[in-house]
């Protein structure tokens, strides 16, 4: 079995490469940059308790934040993550109506994630489930709040 941290890092790399942008997405600025915080921490966000390293950070051509993606393990879907999620939501920009924060959670943890976010007033854009199936990563949209384009199964 793959170490959970290594697995989350692998999942973040695949998501970044296939969803930020999607392979066929035609409304993605050529100047956007997608950064993955894996074994090497590349892009941190300062907060009152130090520095947060979202799994995926997408920046606009001018360097401002476009959106964040968090790959979470089952152990992360708890009240212990609320402070971290809120801190990232607070600095994430707005999409059409909601903060551009996407959470990728193990399949089966979507409802618990939704309950934690909405029950604690944390604004976000989407919740995605992931599973590893026959050595491939499957992403299953659960809830999308800003753009239908973001609700793509891969």
Check: Efficiency by 1/(1 + (r/R0)^6): what FRET value for residue 51 and residue 75, r their Cβ-Cβ distance, R0 = 22 Å, to the nearest 0.05?
Finding: 0.60
Next item on the list: Find the relative contact order for the chain and round it to a whole percent, using C-alpha pairs within less than 8 Å whose residues are 6+ positions apart.
Entry: 15
Notebook entry, point to check: Which of these values of mean projected area of the Cα convex hull in nm² was calculated from the structure shown: [x] 19.0; [y] 9.1; [z] 17.5?
Noted result: [y]
Next item on the list: Rounded to the nearest Å, what's the spacing between the alpha carbon centres of segment 77-139 and segment 10-26? Just the number, please.
Entry: 17
Next item on the list: Can you tell me the order of 57-69, 101-113 when each peptide is scored by its average per-residue count of other Cβ atoms within 10 angstrom, highest first?
Entry: 101-113, 57-69
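Between residue 62 and residue 137, take the C-beta separation as r, use R0 = 41 Å, and let me know the FRET efficiency to the nearest 0.05.
On the way: r = 31 Å, r/R0 = 0.76.
Result of the calculation: an efficiency of 0.85.
Among DSSP beta bridges whose residues both lie in the chain, state the antiparallel percentage, nearest 5.
70
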Checklist line | Helix-only mean residue ellipticity at 222 nm for the chain, each DSSP H run of n ≥ 4 adding -39500 (n - 2.57), per residue, nearest 500 | finding: -7500 deg cm²/dmol
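Just rank 144, 5, fewest to most, by other beta-carbon atoms within 10 angstrom.
Going from sparsest to densest Cβ surroundings: 5, 144.
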Check: Can you give the FRET efficiency for residue 2 and residue 41, using 1/(1 + (r/R0)^6), R0 = 22 Å, r = Cβ-Cβ distance, to the nearest 0.05?
Finding: 0.65
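Each reported figure results from applying straightforward, stated rules to the coordinates on display, with no laboratory input. All of these numbers come straight from a predicted model, not from anything done at the bench. Here the Cβ is made from the backbone with ideal geometry for all residues, glycine too, and neighbour counts use every protein chain on show.
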